[in-house]
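*Asks:* Before anything else, here's the structure in question.
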2 protein chains.
Amino acid sequence: MTQGIVLFAHGSRDAQWAQPFEQLALSLSRRFSGPVELAFLDLMPPTLEQAIDALARRGARSIRVVPVFLGKGGHVGEDLPRLAAQAAGKHPTIRVELEPPIGEQPTVIEAIARAIAAGR
Amino acid sequence: MTQGIVLFAHGSRDAQWAQPFEQLALSLSRRFSGPVELAFLDLMPPTLEQAIDALARRGARSIRVVPVFLGKGGHVGEDLPRLAAQAAGKHPTIRVELEPPIGEQPTVIEAIARAIAAGR
């Protein structure tokens, strides 16, 4: 069964904002065999609904929604479940699962600490 | 010369938001010999100015301000330089240097991609 991943990030009016998330999607695509799509909460496309629609078209029957946020605040705790329920409602045969924000992964925090300690 | 680090993050009304940043400060303190302080852009204390004041009291003569943001948008590109200039103005003998957001570090992006790929 094809599994897809949505990387769900905050948006910005500044187009430069998207770069690390695009880099992440590329890096994940090299490590994960299923389809990967980026989505933004607001201010820049695509929306979560558009990303889930795209994964459905690409054959995903199970979708992991990964919040690319360091912490869990209102966007991950409230906005995301609401948006995901809306988007998932259009695809009743697809399983859509919300994961914790990536900042709750100890390996991510350790990598950030290492990168800062290695800096000037 | 004592070097200090401010970890500068977005804030949230949700207290749970601070956890990964506190974890990061702890992890960095194990790897970095100078004083480390957290600061938030808004919605939760301390401010950048309070963190820089605290590092000055702790003897820092040079301060790295590290934006714990994945991308560079208005908060890192506009708000942070303004807040840093204000705070640094109170400490003319201390060198305050702004670094790029941690999401621009390739090792951080790779660690996030690995953590996601290793997930379910």
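The values are calculated or read from the model by the stated rules, or taken from the named source; none is laboratory data. None of these values were measured; they are calculated from a predicted model. Methodologically, a virtual Cβ is constructed for each residue, glycine included, from the backbone with ideal geometry; neighbour enumeration extends over all protein chains shown. Protein only, heavy atoms only, side chains kept; ligands, DNA and RNA dropped before computing areas. Shrake-Rupley method; radii C 1.70, N 1.55, O 1.52, S 1.80 Å.
*Asks:* Mind checking whether some residue in region B:1-22 is open to solvent by less than 40 Å² (accessible area, probe 1.4 Å), under 29 Å from A:Asp42 (Cα atoms) and β-branched (Val, Ile, Thr)?
*Replies:* Looking only at region B:1-22, we keep the residues that are open to solvent by less than 40 Å² (accessible area, probe 1.4 Å), and these are B:4-9, B:11-12, B:17-18, B:20-21.
Of the ones still in play, those that are also under 29 Å from A:Asp42 (Cα atoms) are B:6-9, B:11-12, B:17-18, B:20-21.
Those still in the list that are β-branched (Val, Ile, Thr) too: B:6.
Yes, that holds for at least one residue.
*Asks:* Considering only region A:58-67, how many residues are assigned to a loop (DSSP other than H, G, I, E, B) and either open to solvent by less than 40 Å² (accessible area, probe 1.4 Å) or within 14 Å of chain B (Cβ to nearest Cβ) (or both)?
*Replies:* Step one: of region A:58-67, the residues assigned to a loop (DSSP other than H, G, I, E, B) are A:58-61.
Filter once more, keeping what is either open to solvent by less than 40 Å² (accessible area, probe 1.4 Å) or within 14 Å of chain B (Cβ to nearest Cβ) (or both): A:59-60.
Here the count works out to 2.
*Asks:* Does B:Gln105 fit the bill of being away from chain A (no Cβ under 12 Å) and of a type in the set (S, T, N, Q)? Steps first, answer last, please.
*Replies:* On the way: away from chain A (no Cβ under 12 Å): no; of a type in the set (S, T, N, Q): yes.
In short, no.
*Asks:* Also, quick follow-up: Within region B:23-35, track down each residue that is open to solvent by less than 70 Å² (accessible area, probe 1.4 Å) and in a helix (DSSP H, G or I). Reasoning before the result, please.
*Replies:* The first filter runs over region B:23-35 and keeps only residues open to solvent by less than 70 Å² (accessible area, probe 1.4 Å), leaving B:24-25, B:27-29, B:32, B:34-35.
Correct list: B:Leu24, B:Ala25, B:Ser27, B:Leu28, B:Ser29.
*Asks:* Just the residues that are of a type outside the set (Gly, Ala, Ser), closer than 19 Å to B:His75 by Cα and assigned to a helix (DSSP H, G or I), please, taken from region A:10-22. Full working, then the answer.
*Replies:* In the first step, residues of region A:10-22 are kept if they are of a type outside the set (Gly, Ala, Ser); the result is A:10, A:13-14, A:16-17, A:19-22.
Narrowing further to those that are closer than 19 Å to B:His75 by Cα: A:10, A:13-14, A:16-17, A:19-21.
Listed by number, the residues that qualify are A:Gln16, A:Trp17, A:Gln19, A:Pro20, A:Phe21.
*Asks:* From the list A:Arg31, A:Arg13, which one is within 7 Å of chain B (Cβ to nearest Cβ), under 21 Å from B:Pro106 (Cβ atoms) and basic (Lys, Arg)?
*Replies:* Answer to the selection: A:Arg31.
*Asks:* So, B:Leu70, is that one closer than 16 Å to A:Ala113 by Cβ and either open to solvent by 10 Å² or more (accessible area, probe 1.4 Å) or in contact (Cβ under 8 Å) with a residue 24 or more places away in the chain (or both) or not? Lay out the reasoning, then the answer.
*Replies:* Values: closer than 16 Å to A:Ala113 by Cβ: yes; either open to solvent by 10 Å² or more (accessible area, probe 1.4 Å) or in contact (Cβ under 8 Å) with a residue 24 or more places away in the chain (or both): yes.
In short, yes.
*Asks:* May I ask you to say which residue of A:Leu38, A:Leu48, A:Leu55, A:Leu43 is more than 8 Å from chain B (Cβ to nearest Cβ), surrounded by fewer than 18 Cβ atoms within 10 Å (Cβ to Cβ) and not basic (Lys, Arg)? Full working, then the answer.
*Replies:* Numbers: A:Leu38 fails: surrounded by fewer than 18 Cβ atoms within 10 Å (Cβ to Cβ); A:Leu48 fails: surrounded by fewer than 18 Cβ atoms within 10 Å (Cβ to Cβ); A:Leu55 fails: surrounded by fewer than 18 Cβ atoms within 10 Å (Cβ to Cβ).
Just a single option satisfies the conditions, and that option is A:Leu43.
*Asks:* Condition check: buried (at least 16 other Cβ atoms within 10 Å of the Cβ), out of contact with any helix residue (DSSP H, G or I) (no Cβ under 6 Å at 6 or more places or on another chain) and among the small types (Gly, Ala, Ser). Does B:Ala88 satisfy that? If you could, list the steps in order and put the result at the bottom.
*Replies:* On the way: buried (at least 16 other Cβ atoms within 10 Å of the Cβ): yes; out of contact with any helix residue (DSSP H, G or I) (no Cβ under 6 Å at 6 or more places or on another chain): yes; among the small types (Gly, Ala, Ser): yes.
Yes, satisfied.
*Asks:* I've got another one for you. Report yes if B:Gln50 is farther than 22 Å from B:Arg95 by Cβ and either among the hydrophobic types (A, V, I, L, M, F, W, C) or not in a strand (DSSP E or B) (or both), otherwise no. So that I can check it myself, show each step before the final result.
*Replies:* Working: farther than 22 Å from B:Arg95 by Cβ: no; either among the hydrophobic types (A, V, I, L, M, F, W, C) or not in a strand (DSSP E or B) (or both): yes.
So B:Gln50 fails the test.
*Asks:* Are any residues in region A:86-120 in contact with a Pro (Cβ under 8 Å, 6 or more places away or on another chain), acidic (Asp, Glu) and within 29 Å of A:Gly59 (Cβ to Cβ), and if so, which ones?
*Replies:* A:Glu99
*Asks:* Here's another thing I want to ask about it. Any idea which of A:Glu22, A:Glu110 is modelled with pLDDT of 95 or more, more than 17 Å from B:Arg114 (Cβ to Cβ) and within 11 Å of chain B (Cβ to nearest Cβ)? Don't jump to the end; show me each part of the working.
*Replies:* Details: A:Glu110 fails: more than 17 Å from B:Arg114 (Cβ to Cβ).
Of the residues listed, the single one that is modelled with pLDDT of 95 or more, more than 17 Å from B:Arg114 (Cβ to Cβ) and within 11 Å of chain B (Cβ to nearest Cβ) is A:Glu22.
*Asks:* Please pick out the residue among B:Leu70, B:Leu7 that is within 11 Å of chain A (Cβ to nearest Cβ) and part of a strand (DSSP E or B).
*Replies:* Working: B:Leu70 fails: part of a strand (DSSP E or B).
Step by step, each of B:Leu70, B:Leu7 is checked, and only B:Leu7 is within 11 Å of chain A (Cβ to nearest Cβ) and part of a strand (DSSP E or B).
*Asks:* Separate question: Out of curiosity, is B:Pro100 open to solvent by 30 Å² or more (accessible area, probe 1.4 Å), away from chain A (no Cβ under 14 Å) and either among the charged types (D, E, K, R) or in a loop (DSSP other than H, G, I, E, B) (or both)? Before you say what the answer is, go through the steps one by one.
*Replies:* On the way: open to solvent by 30 Å² or more (accessible area, probe 1.4 Å): yes; away from chain A (no Cβ under 14 Å): no; either among the charged types (D, E, K, R) or in a loop (DSSP other than H, G, I, E, B) (or both): yes.
It is false that B:Pro100 is open to solvent by 30 Å² or more (accessible area, probe 1.4 Å), away from chain A (no Cβ under 14 Å) and either among the charged types (D, E, K, R) or in a loop (DSSP other than H, G, I, E, B) (or both).
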